[in-house]
Amino acid sequence: MEFTEPFKQTGPCCFSPNARYLAVAVDYRLVIRDVLSLKVVQLFSCMDKISYIEWALDSEYILCGLYKKPMIQAWSLAQPEWTCKIDEGPAGIAYARWSPDSRHILTTSEFQLRLTVWSLLNTACIHVQWPKHASKGVSFTKDGSFAAISTRRDCKDYVNLISCQTWEIMGVFAVDTLDLADVEWSPDDTAIVIWDSPLEYKVLIYSLDGRCLSKYQAYESGLGVKSVSWSPNGQSLAVGSYDQMLRVLNHLTWKVFAEFTHLSTVRAPCSAAVFKEVDEPFQLDMSDLSLTDDYTQQNSEYGPQGLIDVRYDVVELPITLPFQKPPADKPNPKQGIGIMSWSKDSEYICTRNDSMPSVLWIWDMNLLELAAILVQKDPIRAAAWDPTCTRLVLCTGTSHLYMWTPSGAYCVNVPLPQFSVMDLKWDFKGSCLLLKDKDLFCCAAVPLLPDSNTDYSSDD
């Protein structure tokens, strides 16, 4: 892997959908860089510090959320002189997003008073009263034709189906939730999944005409659903719960066909490979070297940590995994499935049980069994699948990247001084990784995977 030099950032950074540009927030400036050279191609000045950025799907426009102001500013890459400013006045703006046609911006006001659709083509705007959430509760079909917007009135949750061509309400139906958490279209646009707040375990599948196709409830007492995700092929729906279990429903009968537990002790028989991160001190023979005092002083700042690398060891079963029992007297306990992500081909799904924050589980959805366990030294901050192949990358806030493929797992050192990877994102072509530290970022060119039979060693 090849790494660029670090650049400054003070907030959100994201690749454009066409994978040609990288948008970076630096205080009140929006910097647009070319992905290949990282040269600045556009520079826009906003009226306040940038809290949020989002590209339009056609990569021609980009919006900046200035939530402290609060207002939205949008910019055009093709016409740098073109500007757009959205200000809701006293109602404020809590969140903004693009519509699929890249020519409308949807904003949600403070206190969820209304959702407004703003047109970039004319001055028209449409209002939807009482949206349920600011950043959640809105989902678009894959073809961009319809939007499902959750609302709440008279202590009841509703879903509004809206045409993205005319922005007219095509239908409204009530849903059987106490406190709707989120809504999401199926990948084939034939159904809508809705789940309740953690206080009520309930996953509901609705048709477009408002019929409830299925209602799933794994248990009644205790905290319920924590995460929900469709498989990319639309044939499976994964539900992660606070009871530290992953359940997978099929799209034909909406019945559970797989249940995966996250135990603190893994015993045989289990075919999963267990990779444990361990320190590997560099073995340097310096007996024949003569170092000046100046050189020694310049490099003393790295300390002993600069002479330590890491690798994966394959561990035999049984193994006891590091477990943290959450306190019973505090809200929002750190337990349950907090990270859950499907691979591009829907053959694998990775999970993190938040009471075991340094352990990543990878499940094989063809064999319906555990494929691998990655045991890190530090809590896992982010994990992301390659958008083009079966390759998983994760970070733990250290100077290393960790990768897994069906052929094995390996560690990669980031060769930048005092750079800790706090977050990471793939570009949409799977050829570049964006790595973020607290106030810096860099990019890494990721080589394409050879055939799946290639083995990897941990010291690559």
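General remarks:
- Of the strands (runs of 3 or more DSSP E) entirely within segment 1-87, those holding at least 3 residues that are under 21 Å from Pro387 (Cβ atoms) occupy 13-15, 21-26, 52-55.
- Residues in segment 152-199 that are out of contact with any Ser or Thr (no Cβ under 9 Å at 6 or more places or on another chain) and within 24 Å of Arg103 (Cβ to Cβ) were compared, and the one that is surrounded by the most Cβ atoms within 10 Å (Cβ to Cβ) is Ile162.
- Taken over segment 249-269, the criterion of being crowded, with 19+ Cβ neighbours inside 10 Å and part of a strand (DSSP E or B) is satisfied by Leu249, Phe260, Val266.
- Of all residues in segment 398-420 being part of a loop (DSSP other than H, G, I, E, B), more than 19 Å from Leu370 (Cβ to Cβ) and of a type outside the set (Phe, Trp, Tyr), the one that is most open to solvent (accessible area, probe 1.4 Å): Gln418
- Candidate set from segment 421-457 (those that are open to solvent by less than 20 Å² (accessible area, probe 1.4 Å) and at pLDDT below 95); member that is farthest from Thr398 (Cα to Cα): Gly430
- Residue-level check: of (1) more than 21 Å from the chain's Cα centre (by Cα); (2) assigned to a strand (DSSP E or B), Ser221 misses just (2).
- Per-region count, segment 19-42, residues under 23 Å from Pro70 (Cβ atoms) and surrounded by fewer than 18 Cβ atoms within 10 Å (Cβ to Cβ): 4
- Failed item in (1) surrounded by fewer than 22 Cβ atoms within 10 Å (Cβ to Cβ); (2) without any contact (Cβ under 8 Å) to a residue 40 or more places away in the chain, with Arg352 passing the rest: (1)
- Those residues of segment 383-397 which are open to solvent by 10 Å² or more (accessible area, probe 1.4 Å) and part of a strand (DSSP E or B), in sequence order: Ala383, Ala384, Trp385
- For first residues located in segment 433-447 and among the basic types (Lys, Arg), partners that are surrounded by fewer than 18 Cβ atoms within 10 Å (Cβ to Cβ) and in a strand (DSSP E or B) and lie 6+ apart or on another chain with Cβ distances below 7 Å form the pairs Lys436/Asp423.
- Some residue of segment 105-127 being closer than 30 Å to Leu213 by Cα, open to solvent by 20 Å² or more (accessible area, probe 1.4 Å), assigned to a loop (DSSP other than H, G, I, E, B) and not acidic (Asp, Glu): no
- Top-ranked residue in segment 128-148 [being over 15 Å from Glu54 (Cβ atoms), in contact with a Ser or Thr (Cβ under 6 Å, 6 or more places away or on another chain) and not in a strand (DSSP E or B); ranked as least open to solvent (accessible area, probe 1.4 Å)]: Gly137
- Total residues in segment 214-241, condition modelled with pLDDT under 95 and among the aromatic types (Phe, Trp, Tyr): 0
The values are calculated or read from the model by the stated rules, or taken from the named source; none is laboratory data. In this text the structure is predicted, and so the values were computed from the model without any measurement. When we count neighbours, we look across all protein chains shown, and the Cβ atoms used for this are built from the backbone with ideal geometry, even at glycine. SASA here: full protein model, heavy atoms, side chains in, ligands and nucleic acids out. Shrake-Rupley method; radii C 1.70, N 1.55, O 1.52, S 1.80 Å.
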